[in-house]
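We did not get these values from a lab; they are worked out from the coordinates using the rules stated. A quick note: this is a predicted structure, and the numbers were derived from the prediction, not measured. Cβ: placed from backbone, ideal geometry, glycine included. Neighbour counts: every protein chain shown.
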């Protein structure tokens, strides 16, 4: 059974100032998502599901379809909207931002019945990430509660624009995830990676400290947890306009309750992504260097 790739592409891009998911960054007009799908095909994924918003449905579906990808992978679309809530819950008037990554992931449960990976649309992960997750998912295709996450050396995820947030992964002796702990204001200062812990205390991290960049591998049973936890989230946060239902929060709690195991795979590749307009030139340069190394063709889809 071929795994599916779910691409979370319904973000509002407020810091970017537009729909960064379809920003052309490759030399032939490719987006970061194009490189993600290309790598997923190489890794053996059989379907890609785009989680988008209805507001840009026509523009998106016209551009990102099976013909764009040379009919090499099946394409489906699902839609994340503010009012997609469980029965008995009503959308509060003050809600103006999406409900978060785990809510976005839930939108795909009607079209995904096989092991799947989920990624952010505006992040470049590198081919080895897709190869690693696909290989792991093959080993758990007939199991439940056995998930994975691709971890990155923190030194390969730093940004030039200054401090950023990173989710440090705490592992056991068998490389299973025990906790994801948020670090803020992370940056290299005179060759030393520094940041703040959850209590705003200064911390130093080694170059090979493993962090999560939101690439996960799940089997379909994860959706049942999403549905249960989302109701609890709404009970606690429905009137908080900034609260988000995030994947790491659900995973952390399930690990704490010993209901799941999450194997942390390791990618030594360089991650990069688009957050601000000023990131465009940096990302385009990174992609061009990979093309010059022969990793990608000049024109991705011929």
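Tabulated data for the structure shown
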quantity: Principal axes of region 147-302: Cα extent on each, largest first, Å; calculated: 49, 45, 39
quantity: Region 201-245: Cα Rg divided by the 2.2 N^0.38 Å rule of thumb; calculated: 1.71
quantity: Residue order, fewest to most surrounding Cβ atoms within 10 angstrom, among 77, 130; calculated: 77, 130
quantity: For the chain, built as a Gaussian network whose Cα springs stay under 10 Å, the top-fluctuating residue of 132, 273, 163; calculated: 163
quantity: GNM result for the chain, Cα springs below 10 Å: residue of 32, 52, 193 fluctuating most strongly; calculated: 193
quantity: Pair residue 68, residue 187: separation of 7 Å Cα→Cβ label points (nm); calculated: 3.4
quantity: Residue-averaged 222 nm ellipticity for the chain, from DSSP H runs of 4+ at -39500 (n - 2.57), nearest 500; calculated: -8000 deg cm²/dmol
quantity: Cα-derived Rg over Rh, computed across region 116-224 with Rh taken as Kirkwood radius; calculated: 1.00
quantity: Stokes-Einstein D for region 1-123, Kirkwood Rh over Cα pairs, 25 °C, 0.890 mPa s (µm²/s); calculated: 162
quantity: Selected from 63, 243, 108 as most flexible by GNM, with the chain as the system and alpha-carbon contacts under 10 Å; calculated: 63
quantity: Burial ordering of 205, 149, fewest other beta-carbon atoms within 10 Å first; calculated: 205, 149
quantity: Computed over the chain: relative contact order in percent, which uses C-alpha pairs under 8 Å that are six or more apart; calculated: 25
quantity: Ranked 174, 23, criterion: other C-beta atoms within 10 Å, fewest first; calculated: 174, 23
